[in-house]
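K.L.:
Okay, handing you the structure first.
The values are calculated or read from the model by the stated rules, or taken from the named source; none is laboratory data. A quick note: this is a predicted structure, and the numbers were derived from the prediction, not measured. All Cβ positions, even for glycine, are placed from backbone atoms using ideal geometry, and neighbour counts span all protein chains on display.
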Amino acid sequence: MKRDSFTVLVVCTGNLNRSALGAALMRRWAEWYLPAPIASQVRVESAGLAAPVGSQMRTRTRLVAEALGGDGSGHLATQITEGMVRAADLVLVAEAAQRDTVLGLAPGALRNTFTIREAGVIAGELPEAEPPATLDDLRARVAALAGHRSLADGAETDIVDPQGKDDEAYREMARQEVPALTRLASTLFGMPAAELLAYDEAVADAAAFPFDGGAAGGGDAGADATPPDGTGRPRGRRQA
C-alpha cells in the first residue's frame, strides 16, 4: 500500500453507471471538503467486473453527476484488476454479490471492502467528525467503518443497475446511491450536515433529473447537464 496517497476504488458491473457516478461525486467532494494538502493525496478510481473498456459514462448518469457537482466528461470504463483492489484503501461495490467477486480477487481486502449502501449506513451512525488532518486519519476512519460493520446488519445492500432501463431507473439509482455516499463523505471528508441533507432533498425531488426525454436503452439523453438549483451551485451544494 502506498503511504503517500489514499485510494478509493468504486466498483460495479460495467463501470458505466453506478461506480462511475460514485467516483465522480466522491472525487469532487474530496476536492471540496478536505484540506487542500490532503485532497491532493486522495485518489478516487472506478472499475467494472465486466467493463466495456473505453466506453463513456452513460449520458443520463453523467447528467446526474453533473447536476450534483461531479464531472463525468472524461470517464472511460475500466476493467478491474487484482492490483487495483490490493492498492485501494477503501473499496466500494454496488451490490453484495460484487463484494464476494472482489474479495475473490484479493481476500486480504475484506476489512476495507463494503457495499456503498452498507458503508453509508455505518457512516451515518458514527459521530460527526471534522475533516481529517492526515492520510492516517482517513485510514483510521475506514478502520472505524470496519469495526462497526454490524450496524448495517439487515440493511439494504444493492443499488439498482439502470443500464438498459428507463429514466426512472436512473433516478432510483441516484436515490439509493447518493444519500449513502454523502454519509460516507461526511465521515471521510467532513461534508457538513446541512449539505448532506441538501443532497438528500436534491435526489428525492422527482423533477431533479428530467433527462430531456432520453432513450431508455443506451442512456443517451440530451447533451446539456441538468442545471443547478438556481443559486449558481450544483443541486445539493449549499456552501459558497
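K.L.:
Test of understanding: among G54, G108, which residue is in a loop (DSSP other than H, G, I, E, B) and more than 28 Å from A204 (Cα to Cα)?
P.N.:
Sole residue among the options that is in a loop (DSSP other than H, G, I, E, B) and more than 28 Å from A204 (Cα to Cα): G54.
K.L.:
When only residues in the stretch 30-45 that are touching a residue at least 40 places away in the same chain (Cβ under 8 Å) and not in a helix (DSSP H, G or I) count, which is nearest to V178 (Cα to Cα)?
P.N.:
Among those residues, the one meeting the criterion is E45.
K.L.:
Ok, one more. For L103, indicate whether it is more than 19 Å from M26 (Cα to Cα) and in contact with a strand residue (DSSP E or B) (Cβ under 7 Å, 6 or more places away or on another chain).
P.N.:
yes
K.L.:
Please specify each residue of the stretch 80-99 satisfying the condition of being part of a helix (DSSP H, G or I) and among the hydrophobic types (A, V, I, L, M, F, W, C).
P.N.:
M84, V85, A87, A96, A97
K.L.:
Kindly indicate the residue of the stretch 179-218 that is of a type in the set (F, W, Y) and either in a loop (DSSP other than H, G, I, E, B) or modelled with pLDDT under 95 (or both) and also nearest to V44 (Cα to Cα) among those meeting that condition.
P.N.:
Per the stated criteria, the residue is F209.
K.L.:
If you go through the stretch 119-136 one residue at a time, do you hit one that is modelled with pLDDT of 95 or more, among the β-branched types (V, I, T) and not in a helix (DSSP H, G or I)?
P.N.:
Yes: the stretch 119-136 contains one or more residues that are modelled with pLDDT of 95 or more, among the β-branched types (V, I, T) and not in a helix (DSSP H, G or I).
For every residue, the table says whether it meets (1) in contact with a strand residue (DSSP E or B) (Cβ under 7 Å, 6 or more places away or on another chain); (2) buried (at least 21 other Cβ atoms within 10 Å of the Cβ); (3) without any contact (Cβ under 8 Å) to a residue 12 or more places away in the chain; (4) not in a helix (DSSP H, G or I).
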position: G22; (1), (2), (3), (4): yes, yes, no, no
position: R28; (1), (2), (3), (4): no, no, no, no
position: A47; (1), (2), (3), (4): yes, yes, no, yes
position: R62; (1), (2), (3), (4): no, yes, no, no
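To keep it simple, each residue is scored yes or no on (1) more than 14 Å from the chain's Cα centre (by Cα); (2) of a type in the set (G, A, S); (3) crowded, with 16+ Cβ neighbours inside 10 Å.
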{"site": "S55", "(1), (2), (3)": "yes, yes, yes"}
{"site": "E66", "(1), (2), (3)": "no, no, yes"}
{"site": "G70", "(1), (2), (3)": "no, yes, yes"}
{"site": "Q79", "(1), (2), (3)": "yes, no, no"}
{"site": "M84", "(1), (2), (3)": "yes, no, yes"}
{"site": "V102", "(1), (2), (3)": "yes, no, yes"}
{"site": "P107", "(1), (2), (3)": "yes, no, no"}
{"site": "A123", "(1), (2), (3)": "no, yes, yes"}
